[in-house]
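Taken together, the values in this text are just the output of simple stated rules run on the coordinates, not laboratory data. Note that the coordinates shown come from a computational prediction; the quantities given were computed from them, not determined experimentally. Cβ atoms come from the backbone with ideal geometry, glycine included; neighbour counts cover every protein chain shown.
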Amino acid sequence: MQAILALEDGRVFRGEGYGHPGECQGEVVFNTSLTGYQEIATDPSYAGQIVVLTNPQIGNYGTNQADNESGKPYIEGLIVREFSAIGSNWRSEQVTDEYMERYSVPVLAEIDTRALVRHLRTHGVMRGVISTETSDAEALIQKARKIRKMDGTDLAKVVSTKSVYTFDSDDIRNQSGDFLLSAARVQSAGVRKHHVVAYDFGIKQNILRMLTREGCDVTVVPAETTAADVLAMKPDGVFLSNGPGDPEPVEYAVKAIRDMLGRVPVFGICLGHQLCGLALGGKTYKLKFGHHGGNHPVRNNATGKVEITAHNHNFAVDPDSINANEIELTHVDLNDQTLEGLRHRTLPLFSVQYHPEAAPGPHDSHYLFSDFRKMMEEWKG
């Protein structure tokens, strides 16, 4: 099956199609992780995007339901150098080609992904179309130019849960992911329980697992839930999740954070961090090609320690827009000096841009979940 990628600037790549035959469109970004293609595909933060993986061989360990970060893949399409026709791993339940076809994800392979990534790195991420239905490059280029831009687009309410639910940590389907979980469950036995309300802007399963690891009972609520409704649940803490799209249009969440500020401990990750920045009077901006990968060095400004972290974001909080008298800038990316964390100096709120729960991923930043638990304990007295 022949396939083609056409970018809005006129660059075209031709290769072989796998997965779901047809056409997909979105913003084309690249991820530098060496493993975890299934977790990447099922991360709701990738909604509206076509993902290029820089690791050349993809699909070789197959797929299984336990490794999903959500109920289905959210990527629009996948681009790889070499796509494996087999899944060689004892945990594999379905080969990746069949998995992508099952969930209607087109895959483009056998192209020079190095050239594509370099193009995106040089010129910035851009809109594109993958198609197995036509080889008319010019028509696809014109179609790519008409795709709605990510800037100004609220996708959080699109991917969010539509109803409130309780995360069941005893369900065997929720006990996969982080390999420390089983030991942590023993460790958390008898630990004082905290009720956490988690906003779902595109939440990942391992975030929920990590919260339960700290002895939390977690209630997940839709993105547009008001602060009044959340506070009526009498939470010990509120968690703000990761998610796709531009944070600035998510005004309902910014208002909710402001209404909760100082009334309950708040912890945000990724989009949740950006929303905290906006709620505290800051501004956000779009990065040239975003941060998508598993080995980003981030310095903890308080300790001087460098954490190896996993990232997936296209926007960042402008540190110059933050009031340093009220807000401490806690973490910084050593690759490009972008702001990676903040903490209110007097009120119980902190957030990070990267993903401390990433699975697979480094464990350097797991302490942030413990910090959240300690913040809740101190707040409750």
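In summary, segment 296-369 shows an alpha-carbon radius of gyration equal to 1.06 times the 2.2 N^0.38 Å reference for compact globular proteins. Counting beta carbons within 10 Å around each of THR63, THR54, THR166 and listing the fewest first gives the order THR166, THR54, THR63. Gyration tensor over the Cα atoms of segment 34-152: the corresponding equivalent ellipsoid has semi-axes (square roots of 5 times the eigenvalues, largest first) of 25, 16, 14 Å.
Going by neighbour counts of Cβ atoms within 10 Å, the residues ARG14, ARG114 line up, fewest first, as ARG114, ARG14.
Taken over the Cα atoms of segment 156-380, the convex hull encloses 116 Å³ per residue.
Straight-line cross-link reach from LYS149 at under 16 Å between alpha-carbon atoms covers these aspartates and glutamates, not counting any fewer than eight positions away in the same chain: GLU8, ASP9, GLU27, GLU76, ASP246, GLU248. Only Lys, Arg, Asp and Glu carry charge here, each on its Cβ (+1 for the first two, -1 for the last two); on that basis the chain has a dipole of about 580 debye about its Cα centre. This ranking places SER135, SER351 by how few other beta-carbon atoms lie within 10 Å of each, fewest first, which gives SER135, SER351. Centre-to-centre separation between the Cα atoms of segment 26-100 and those of segment 260-292: 27 Å. Between HIS363 and ASP151, the contour length at 0.36 nm per residue exceeds the Cα-Cα span by 73.2 nm. Diffusion coefficient of the chain by Stokes-Einstein, Kirkwood radius over Cα pairs, 4 °C, 1.567 mPa s: 61 µm²/s. Summing +1 for each Lys or Arg and -1 for each Asp or Glu among the other residues whose beta-carbon sits under 13 angstrom from that of LEU329 gives -3. Of all DSSP-defined beta bridges confined to the chain, some 60% are antiparallel rather than parallel. Over all other residues within a Cβ to Cβ distance under 15 Å of LEU287, the charged ones net out to -3, with Lys and Arg as +1 and Asp and Glu as -1. Cross-link pairs exceeding 30 Å between alpha carbons, from the set LYS157/LYS234; LYS162/LYS286; LYS283/LYS380; LYS72/LYS374; LYS204/LYS380; LYS204/LYS305: LYS283/LYS380; LYS72/LYS374. Structure remark: mean-square fluctuation, Gaussian network model of the chain, C-alpha springs under 10 Å; the largest value among PRO360, PRO297, PRO265 belongs to PRO297. Can you tell me what share of the DSSP beta bridges in segment 2-145 is antiparallel? A percent to the nearest 5 is fine. Around 60 percent of the beta bridges assigned by DSSP in segment 2-145 are antiparallel ones. Can you check what the net charge comes to around GLN94, using other residues whose Cβ is under 14 Å from the Cβ of GLN94 (Lys, Arg +1; Asp, Glu -1)? Once positives and negatives cancel, what remains is -2.
Distance between the 7 Å Cα→Cβ label points at LEU347 and GLN142: 5.2 nm.
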